[in-house]
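Worksheet: the structure to be examined is printed underneath.
The values are calculated or read from the model by the stated rules, or taken from the named source; none is laboratory data. Worth saying up front: this structure is predicted, and the values here are computed from it rather than measured. Counting neighbours? That spans all protein chains shown, and the Cβs are built from the backbone with ideal geometry, glycine included.
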Amino acid sequence: MVENPDAATVEAVGKVTEALETIERARGHLYSFHQLTGSADLALGDAVKLLEEAGHGDWARRISEELIGLNVLPDRWTFQVVEEYDDGYYKACRDLERALLQSLTGGRRHLHEQQMKDDRRTHGRAGHEAGAPSTPPAAP
């Protein structure tokens, strides 16, 4: 286990973690895209019923046939896009960051932020306590 990695290593590992955090945010947006698209598809179903009731069967039929259930990308609904992202790019990034942390920091996360906290807090003041250092996640 690496006890005290040098400042350059901490900074470099922190940059990889920052990138992964951005990827996490992108993943969240992808899930929003998935849920919003699904909600829109369900709303279109409601619109079809309302159009039929209002005597606009041609429009109801057109929306039903052309839009409801339409793939968002060739051969894919949004859940498939999410699954491919999760199983490919996201997993590769997450796994690499974990391996990097294990190799260079003994699995400890957010060492850069821990150093920032220690530098920026007012020692001895309530609410500015150091707290427990970052610890590696438990093995599954």
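Tabulated values for the structure
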{"quantity": "Residue check, Asp6 modelled with pLDDT under 95 and under 30 Å from Gln114 (Cα atoms)", "calculated": "yes"}
{"quantity": "Residue within segment 45-60 that is in contact with a Leu (Cβ under 6 Å, 6 or more places away or on another chain) and either at pLDDT below 95 or of a type in the set (Phe, Trp, Tyr) (or both) present", "calculated": "yes"}
{"quantity": "Helices (runs of 4 or more DSSP H) wholly inside segment 48-140 containing at least 2 residues that are surrounded by 11 or more Cβ atoms within 10 Å (Cβ to Cβ), of a type in the set (Ser, Thr, Tyr) and on the phi < 0 side of the Ramachandran plot", "calculated": "78-85, 91-105"}
{"quantity": "Yes/no for Leu36 being exposed (fewer than 13 other Cβ atoms within 10 Å of the Cβ) and within 27 Å of Asp86 (Cβ to Cβ)", "calculated": "yes"}
{"quantity": "Qualifying position, being without any contact (Cβ under 8 Å) to a residue 12 or more places away in the chain, part of a helix (DSSP H, G or I) and under 13 Å from the mean Cα position of the chain (by Cα), among Ala40, Ala26", "calculated": "Ala26"}
